[in-house]
Amino acid sequence: MTKANGAQENARQTISFLGPVASYTHAAALQRFGHSDYVLRPVTTIEDIFAAVANSTADRGVVPFENSTNGIVPATLDLFANATGKYGELEIVGEEYVAVNHCIVGLPLTSVPNDAAKPNLSYITTLYSHPQAWGQCTKFLSAHLAKAEHVDTSSTSRAAELVSVGTDPVVAAISSALAAKHYKLDILADSIQNTSNNTTRFLVIRRSPTSSPAKSGSDNDGTGWKTLISFTVPHTTPGALADCLAVFKAHDLNLTGFHTRPFSSQADGGEAAWRYIFFAEFGGRRGESSVDDACRELLGVAESGRWLGSWENGTAKG
Ligand SMILES: O=C(O)C(=O)C[C@]1(C(=O)O)C=C[C@@H](O)C=C1
């Protein structure tokens, strides 16, 4: 690398995504950052993405958040819960929707005839994929691969990569057609997801700047924006959760998502079972009076709470 190239490389922003190349997270990263201002860098796990952004190895990270068929990605939510205290400085600044079209991919196999419209896959004994993919393809898997053992991998592209370095044609993967092409595998069945409009939503994260992005208390127009917050409630107080939810109604904020994950606070020694953290997503942005007031009031009734980010609605852009 020449000195000039090196300087150019330094000026580019680094984007961390769930690798290897040709994962759906890679597709989401390309969709948003696929031009010469950015260097896209694969890592192995979703936590690696959080860590890369937290320790400044990357400027931004792209993480899978929610699938239209199979719901939330628990690993991502757990990292936003920040139980270890390592990721409290991160915030969400954007979202990308990617159409997820899964395929059964395998080593080139000329001896077994396969018709994509009427696949005969009974010879496959082992199937690799990311855990999210199993739940998105239940109908096809029970109809055509009911006996195959499922082996979890860190991503669908990793599943394809593992099949490609093996030699046994009875081992296949669920991944995208792009991953099949990249890892030189055959597509043995296409569009195997339960719903034709299967879509995953990805979030873009960064380290929070020291100054607030939007002036608090102004009449910022939050139309077309979303906010995610997390909170915990005193678990022995009747009505504590209802009091928290009433705050959103009082400020006319439209709750568009609500998720719960097991969580044990530092106050409980980090060990207590059957405690929860709640995540509420709603329309609006920080800096808008109704959002700022609601967050302030929520902190008055919740045990703890954290603003995780406000970002422009990905679907609003069309
Ligand atoms: O495994 C991949 O390719 C990913 O990018 C991860 C992921 C996810 O975690 O939801 C992304 C999209 C699909 O929903 C399946 C898997």
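Laid out as a table, the results:
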| item | result |
| --- | --- |
| Residue count for region 145-194, restricted to those that are open to solvent by 70 Å² or more (accessible area, probe 1.4 Å) and not aliphatic (A, V, I, L, M) | 11 |
| Criterion violated by residue 38 - all others in (1) away from the ligand (no atom under 12 Å from the Cβ); (2) of a type outside the set (A, V, I, L, M, F, W, C); (3) open to solvent by less than 10 Å² (accessible area, probe 1.4 Å) satisfied | (3) |
| Among (1) at pLDDT below 95; (2) touching a helix residue (DSSP H, G or I) at 6+ places or on another chain (Cβ under 8 Å); (3) open to solvent by less than 80 Å² (accessible area, probe 1.4 Å); (4) at negative phi - the single one residue 216 does not satisfy | (3) |
| Single match in 56, 16 (criterion: open to solvent by 10 Å² or more (accessible area, probe 1.4 Å) and small (Gly, Ala, Ser)) | 56 |
| Meets criteria (modelled with pLDDT of 95 or more and farther than 21 Å from residue 258 by Cα) for residue 106 | yes |
| Counted residues, region 133-156 - those being assigned to a helix (DSSP H, G or I) and closer than 19 Å to residue 74 by Cα | 6 |
| Scan of region 291-304 for residues that are open to solvent by 30 Å² or more (accessible area, probe 1.4 Å) and either out of contact with any Ser or Thr (no Cβ under 8 Å at 6 or more places or on another chain) or at pLDDT 95 or above (or both), ordered by number | 293, 295, 296, 297, 299, 300, 301 |
| Test: residue in region 246-261 that is hydrophobic (A, V, I, L, M, F, W, C), surrounded by 13 or more Cβ atoms within 10 Å (Cβ to Cβ) and at pLDDT below 95 | no |
| Only listed residue being at pLDDT 95 or above, within 13 Å of the ligand (Cβ to nearest atom) and over 26 Å from residue 68 (Cβ atoms), chosen from 162, 178 | 162 |
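The values are calculated or read from the model by the stated rules, or taken from the named source; none is laboratory data. All values derive from a computational prediction rather than experimental measurement. Please note: Cβ atoms are built from the backbone with ideal geometry, for glycine as well, and neighbour counts cover all protein chains shown. Ligands, DNA and RNA are excluded from the accessible area calculation, which covers all protein heavy atoms including side chains. Shrake-Rupley method; radii C 1.70, N 1.55, O 1.52, S 1.80 Å.
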